[in-house]
Each structure stands twice: as structure tokens, then as C-alpha cells.
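*Asks:* Please read through the structure below; I'll follow up with questions.
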Amino acid sequence: MKSKTVCIVGLGYVGLPLAEAFSKHLKVIGFDIDKEKVKRLSESNNEENIEFTTDPSEIKQADFILICVPTPVTKSKEPDLRYVKSAAEIVGQHLKKGAIAVLESTIYPGVTEEIVKPILEKESKMKCGIDFYLGYSPERINPGDEEHDLTRITKIVAGLVYKAKELGYHPQVILAGRAINDSMPAHVAEMAIKGLNEVGKVIKGSKVLIMGLTYKENVPDTRESPVKEMVKELMEFNLEVYGYDSLLSKEEIESFDVKALKELNAKDAKMDCVIVAVAHDEFKKTKLEDVKKFMNNKPIIVDVRGMFDEEEAKRKGFCYKRL
């Protein structure tokens, strides 16, 4: 087994940790089309068993190929499989006989057999199950989770709703849960507006700060962040919306159409309402008295993540709301 070679296609937050883990036991080829990323990884690579490359012909050496490319969703919330299809084409063109290809991108049931398999067969001119083999492995990376690393994580199979709809079945319970989750950004914005009303503040022009803009705590990734929809809802009421997240650059914060704050203080503007949207470790260390320093009179906190004690917040003069 030690003489076998593994190729990881896609060196993002899933592929790179897998490449490093496999390199402890096998020879690894890390393939990515991003030249700058590959150059950076090659320059910092101290592992003898890993080779990083943008040359797809290197895939021919691999006995096992893991496809770990992004699978975003479109604006209409449909799965975007262009990266998966492109990766399958590249792998198919350089697939050696007897190799095992495994899709590890986050996809809905059926993609492996109905989309990836035909592409691999077409490009390789070989037959799956005879000349090469194909499988699927649910993603085993949870960014920001130090306790459950890729060797100690429970795998989750997702995308069932999309496939069910394709087959004409509408799983009402799952759809109801999805609808509730999708409505949360608007609900949080409504809580902020109600808070401003309750303390008698003029809605138009009130300053609202969103603490945390990433899609989850302690991870600098904004893809599918619910904060984007939250901002849209707040803007409907002509509020001045600010954003603070130490894990993001000024440009990344401003991409949410908010004004970026470099730090939590009253230097730039005093806030009327603070929405704690993400439970970053940094915010867990923040005290209510520190929050109050950069807020106007009759401050409102919408504590989405339950970071502060409700009774303490009320004692300190906050209008406190939480989910």
C-alpha cells in the first residue's frame, strides 16, 4: 500500500488537510489550477511525500484520486456544479486504468453516478466498474472545529431535499426546517427594528453594528453567510449599518454593503443597536460594559448567539433581545 500514490484535486480547506494527512502514509500529488496557491504551497512545503502542481498530466501517476473542489450555490439557491464537472473532465483526461476516483465535494445524492461518472467515462474512454472505479466520500472537514478534526468527525450526508424534489417528492418536515432557517435573517432584522421602536428611537438613520459576518464562528469564510440577507433587510428601513469582524479585511466587510469598523470602539461612530451575529471567541471575551462604551443612550442588543446574560444586560440598561 505504501507504494501507492494519491492525487488530491482541489487544495482548499478540504483538499489541503487531506493531502497533509495522506502524506504521512502515501505519496501525494496535490493538484490545483490556482498557480499562485500552488507556488505558495510548493515554497513552504517541507514534506517529502507531497508534490504540489498545476500540471494535470501528473494525475496519471495516481492510484487514488480525491476530487475536493468547491460546490457553491447560485443566486437562486440551486447547486452550482461547474467546478465538479470541470474537475471530472480534467481527471477523466488523465485517468489511468485501474485507478479509483472518489468525489469528496459537498453534493446532493446522484451527482457521482449521474454527472461525474459519465464525464469520466467520456473523457477517459474507459468503463466505470471495469477499467476504473468510482466512489463518494462525504466531506470530513469542519472549519474552526479543533475537537473534531478529519480523523474524528461524524460524516453528514446532505442535499436530500434537492434530489427528492427532482424525483417529485416534497419532504415537508425537512422543507419546513429549511424555511425557518432561511427566514432567520429577516427575523433578526425585525428584532432590531422592534428594539429601536421600544426605546423610542427614530428608525431612519439609526446606527446598527453587526458583530461577526462570517458564515460560522472562528472561520474567515463568508460564503453563504446569512448576514448578507440580514443587511438587505436592515437597509429597507434606511438604517446606517456597520460591520465588524477581525477575521475579515476591510474590503471583505464592505462587500456586505456595510461600513467597516477596524475595532470595537466609539472612535468612528456610536451605535444605537448591536447585533451579535457570530459567536467568535473574541466576542466571548467582550464585556457588556465595553459594548456600552461605543453605544448611544438606550442601547439595544440583539444577541443571536446568546453571548451575554440577559438579566445582566437588562441591569446594565440594555434593551436585550435574543432568539
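The values are calculated or read from the model by the stated rules, or taken from the named source; none is laboratory data. All figures in this text were calculated on a predicted structure; none of them were measured in a lab. Using ideal geometry, Cβ is built from the backbone for each residue, glycine included, and neighbour counts are taken over all protein chains shown.
*Asks:* Checking Val208 against (1) hydrophobic (A, V, I, L, M, F, W, C); (2) farther than 30 Å from Pro79 by Cα; (3) assigned to a loop (DSSP other than H, G, I, E, B): exactly one of these is not met. Which one?
*Replies:* So the condition that Val208 fails would be (3).
*Asks:* Being hydroxyl-bearing (Ser, Thr, Tyr) and within 17 Å of Gln61 (Cα to Cα) is the filter; apply it to the stretch 1-51 and report the residue that is farthest from the chain's Cα centre (by Cα).
*Replies:* Ser3
*Asks:* Assuming Lys4 fulfils every condition listed in (1) in contact with a Phe, Trp or Tyr (Cβ under 9 Å, 6 or more places away or on another chain); (2) modelled with pLDDT of 95 or more apart from one, which condition is it?
*Replies:* Among (1) in contact with a Phe, Trp or Tyr (Cβ under 9 Å, 6 or more places away or on another chain); (2) modelled with pLDDT of 95 or more, Lys4 violates only (2).
*Asks:* Follow-up. Among the residues of the stretch 53-77, count how many are crowded, with 16+ Cβ neighbours inside 10 Å, over 16 Å from Gly92 (Cα atoms) and of a type in the set (A, V, I, L, M).
*Replies:* Total satisfying the criteria: 0.
*Asks:* A follow-up question, please. Report whether or not Thr222 is closer than 30 Å to Asp80 by Cβ, hydroxyl-bearing (Ser, Thr, Tyr) and out of contact with any Gly (no Cβ under 7 Å at 6 or more places or on another chain).
*Replies:* So Thr222 fits the description; yes.
*Asks:* Sticking with this one: Checking Ile210 against (1) modelled with pLDDT under 95; (2) closer than 30 Å to Asp80 by Cβ; (3) not acidic (Asp, Glu), only one condition comes out false. Which one?
*Replies:* Result: Ile210 passes all but (1).
*Asks:* Looking at the structure I just gave you, is Ile59 out of contact with any His (no Cβ under 9 Å at 6 or more places or on another chain), of a type in the set (Val, Ile, Thr) and closer than 22 Å to Ala19 by Cα?
*Replies:* Spelling it out, it is not the case that Ile59 is out of contact with any His (no Cβ under 9 Å at 6 or more places or on another chain), of a type in the set (Val, Ile, Thr) and closer than 22 Å to Ala19 by Cα.
*Asks:* Taking Tyr108, is it surrounded by fewer than 21 Cβ atoms within 10 Å (Cβ to Cβ), assigned to a helix (DSSP H, G or I) and touching a Pro at 6+ places or on another chain (Cβ under 9 Å)?
*Replies:* No.
*Asks:* Looking at Ala313, Ala279, can you tell me which residue is over 12 Å from Leu209 (Cα atoms), of a type in the set (Gly, Ala, Ser) and surrounded by 20 or more Cβ atoms within 10 Å (Cβ to Cβ)?
*Replies:* The match here is Ala313.
*Asks:* Kindly evaluate Gly110 against the criterion of being among the small types (Gly, Ala, Ser), in contact (Cβ under 8 Å) with a residue 24 or more places away in the chain and at positive phi.
*Replies:* When the stated conditions are applied, Gly110 passes them.
*Asks:* With the condition kept exactly as written, say whether any residue in the stretch 236-250 is hydroxyl-bearing (Ser, Thr, Tyr), farther than 18 Å from Asn218 by Cβ, surrounded by 17 or more Cβ atoms within 10 Å (Cβ to Cβ) and within 24 Å of the chain's Cα centre (by Cα).
*Replies:* Checking the stretch 236-250: at least one residue is hydroxyl-bearing (Ser, Thr, Tyr), farther than 18 Å from Asn218 by Cβ, surrounded by 17 or more Cβ atoms within 10 Å (Cβ to Cβ) and within 24 Å of the chain's Cα centre (by Cα).
*Asks:* Sticking with this one: Is there a residue being within 22 Å of the chain's Cα centre (by Cα) and closer than 26 Å to Tyr215 by Cβ anywhere in the stretch 283-297?
*Replies:* Within the stretch 283-297 (the criterion being within 22 Å of the chain's Cα centre (by Cα) and closer than 26 Å to Tyr215 by Cβ), the answer is yes, since at least one residue qualifies.
*Asks:* Also: Regarding the stretch 55-64, can at least one residue be identified that is in contact with a Cys (Cβ under 6 Å, 6 or more places away or on another chain) and in the same structural domain as Ser124 (by TED's automatic domain parsing)?
*Replies:* Looking for residues that are in contact with a Cys (Cβ under 6 Å, 6 or more places away or on another chain) and in the same structural domain as Ser124 (by TED's automatic domain parsing), one finds at least one in the stretch 55-64, hence yes.
*Asks:* For the condition touching a Phe, Trp or Tyr at 6+ places or on another chain (Cβ under 8 Å), in the same structural domain as Val231 (by TED's automatic domain parsing) and under 21 Å from Asn197 (Cβ atoms), what is the one hit in Asp303, Asp272?
*Replies:* Exactly one of Asp303, Asp272 is touching a Phe, Trp or Tyr at 6+ places or on another chain (Cβ under 8 Å), in the same structural domain as Val231 (by TED's automatic domain parsing) and under 21 Å from Asn197 (Cβ atoms), namely Asp303.
*Asks:* Same structure, new question: When the stretch 241-280 is examined, which residues are found to be in contact with a helix residue (DSSP H, G or I) (Cβ under 7 Å, 6 or more places away or on another chain) and acidic (Asp, Glu)?
*Replies:* Asp245, Asp257, Asp272
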